[in-house]
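A.B. asks: Pasting a structure here, questions to come.
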Amino acid sequence: MQAMVDASPPKWHLAHTTWFFEDFILMDYKPGYHYYLEDARKLFNSYYETLSKPFPRSKRGLISRPTVREVLNYRRAVDEEIIALLSQSNELDEKFYSLILLGIHHEQQHQELLITDLKYNFSINPLKPSYKKDIENPSEWSFVPPLTWDYFQEGVTTIGTNNQGFSFDNEQPAHKHFLYPFAIANRPVTNGEYLEFIEDNGYETPVNWLSDGWATVTEQKWSAPLYWEYIDGTWYQFTLSGLKPVEKNQPVTHISFYEADAYARWAGYRLPTEQEWEHAFRNEPVEGKFLENLLFNESYESDKTIFGTVWEWTCSPYTRYPQSARPEGALGEYNAKFMSNQMVLRGGSSATPRNHVRLTYRNFFHPDKRWQFSGIRLAKEEQ
Ligand SMILES: [Fe+2]
């Protein structure tokens with residue numbers, strides 16, 4: 001299934017992440033290696049123009065062959081080849097290990113997309129299928145910490161990383177950044193708080209919106225977050241456990257940047273910059289609700305909800321860091337070529353693998369995208 005261009009079919013994700021190991025590692029490190037599936041590159045190269053002409057993204061749902069069984073066999077065969085290579089570890093260079101690490105982190109990104117894409121693909125089915133049973137104890141949703149603020153003085157801070165352990169090229173290098181005084185909220189905005197915006201005609205009031213946001217809301221006829229439906233006087237939302245009433249105490253999610261920005265303006269605040277976000281939370285443990293919890297129903301755990309649960313839109317455009325270097329060859333296309341017209345999100349979501357995200361991790365999407373688990377954290381100038 002591929003219900004929209006952004007939501008790839010599960011089979012494609014499985015094959016594409018396998019092809020990545022084949023084309024970026026086996027072709028270079030195994031002498032005389034031949035592709036396991038002859039035409040894998042034609043079908044499963046996502047966007048690496050320097051390798052071959054990528055198959056159109058919008059048509060991934062039409063790849064009827066190879067079959068699922070053939071793709072699973074392809075995965076097994078490539079896994080075995082990689083494991084065999086790893087056993088010859090004394091003949092391998094540092095680049096080999098960094099490519100293995102990149103291949104694993106790449107696969108983690110697609111694990112998250114498997115979930116978000118499945119949710120979208122299921123959502124258009126009027127039978128509202130359920131991926132998994134709902135959580136046993138919805139009383140968990142009764143807890144919402146009061147909104148509080150952490151205050152920060154002006155000064156020079158360090159943003160990004162010099163790659164101790166793993167990081168993507170777009171997080172490098174560590175560099176100085178000046179911050180004005182600001183305050184940032186302790187938790188993301190709730191469904192209940194967002195409902196007040198809806199009920200105050202937030203979606204119908206142009207003054208709340210950026211120009212592009214207003215054009216999108218008008219054209220797409222948005223009146224609520226993605227997956228929300230108003231039925232007989234009650235708001236429902238489609239979840240991975242089917243259609244459920246909107247719980248006021250859950251964090252709002254499936255929000256575009258435009259909606260996050262409009263909500264913040266309506267509420268009298270603003271979105272944080274990505275540097276404010278990183279500076280504010282640099283001493284926080286990377287703990288929270290992640291993919292491994294298999295919940296996909298977001299909730300607040302403690303007075304501070306920072307990592308996991310929902311990705312948080314920042315007001316920072318996704319651009320290169322000072323003095324960053326673009327990797328050579330096709331891997332230069334991994335992140336750097338998307339640095340226009342997208343906004344940065346921070347923190348990870350309930351669909352992100354726990355050890356995939358870091359303080360310095362930069363996710364990025366176009367400002368009108370809503371199918372990720374994306375929410376709102378507020379910021380303000382220091383009073
Ligand atoms: Fe990919």
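The values are calculated or read from the model by the stated rules, or taken from the named source; none is laboratory data. All values derive from a computational prediction rather than experimental measurement. Positions of Cβ are generated from backbone atoms using ideal geometry, with glycine treated the same way; all protein chains shown enter the neighbour counts.
A.B. asks: Taking strands (runs of 3 or more DSSP E) that fall entirely within the stretch 274-383, which contain at least 2 residues that are within 30 Å of PRO54 (Cα to Cα) and touching a Leu at 6+ places or on another chain (Cβ under 6 Å)? So that I can check it myself, show each step before the final result.
C.D. replies: Values: elements: 311-317, 343-346, 363-365, 379-381.
It comes to 311-317.
A.B. asks: May I ask you to list the residues in the stretch 149-161 that are of a type in the set (S, T, N, Q) and surrounded by 11 or more Cβ atoms within 10 Å (Cβ to Cβ)? Please lay out each step first, then the result.
C.D. replies: Going through the stretch 149-161, the residues of a type in the set (S, T, N, Q) turn out to be 153, 157-158, 161.
Answer for the stretch 149-161, where residues must be of a type in the set (S, T, N, Q) and surrounded by 11 or more Cβ atoms within 10 Å (Cβ to Cβ): THR157, THR158, THR161.
A.B. asks: Considering the stretch 84-132 alone, what residues qualify as being in contact with a strand residue (DSSP E or B) (Cβ under 6 Å, 6 or more places away or on another chain) and either within 16 Å of the ligand (Cβ to nearest atom) or at positive phi (or both)?
C.D. replies: Across the stretch 84-132, the qualifying residue is only LYS128.
A.B. asks: For residues that are at pLDDT 90 or above, part of a loop (DSSP other than H, G, I, E, B) and away from the ligand (no atom under 13 Å from the Cβ), tally how many sit in the stretch 28-47.
C.D. replies: 7
A.B. asks: In this structure, is VAL78 at pLDDT 95 or above, in contact with an Asp or Glu (Cβ under 6 Å, 6 or more places away or on another chain), within 16 Å of the ligand (Cβ to nearest atom) and assigned to a helix (DSSP H, G or I)?
C.D. replies: So VAL78 fits the description; yes.
A.B. asks: When you look at THR50, is it more than 13 Å from the ligand (Cβ to nearest atom) and surrounded by 18 or more Cβ atoms within 10 Å (Cβ to Cβ), yes or no? Can you show your working first?
C.D. replies: Numbers: more than 13 Å from the ligand (Cβ to nearest atom): yes; surrounded by 18 or more Cβ atoms within 10 Å (Cβ to Cβ): no.
Taking the combined requirement at face value, the residue does not satisfy it.
A.B. asks: Can you tell me which residues in the stretch 231-246 are touching a Phe, Trp or Tyr at 6+ places or on another chain (Cβ under 8 Å) and not β-branched (Val, Ile, Thr)?
C.D. replies: TRP235, TYR236, GLN237, PHE238, LEU240, SER241, LEU243, LYS244, PRO245
A.B. asks: Can you name the condition, by its number, that ARG69 falls short on among (1) outside any loop (DSSP other than H, G, I, E, B); (2) over 21 Å from LEU331 (Cα atoms); (3) in contact (Cβ under 8 Å) with a residue 24 or more places away in the chain?
C.D. replies: (3)
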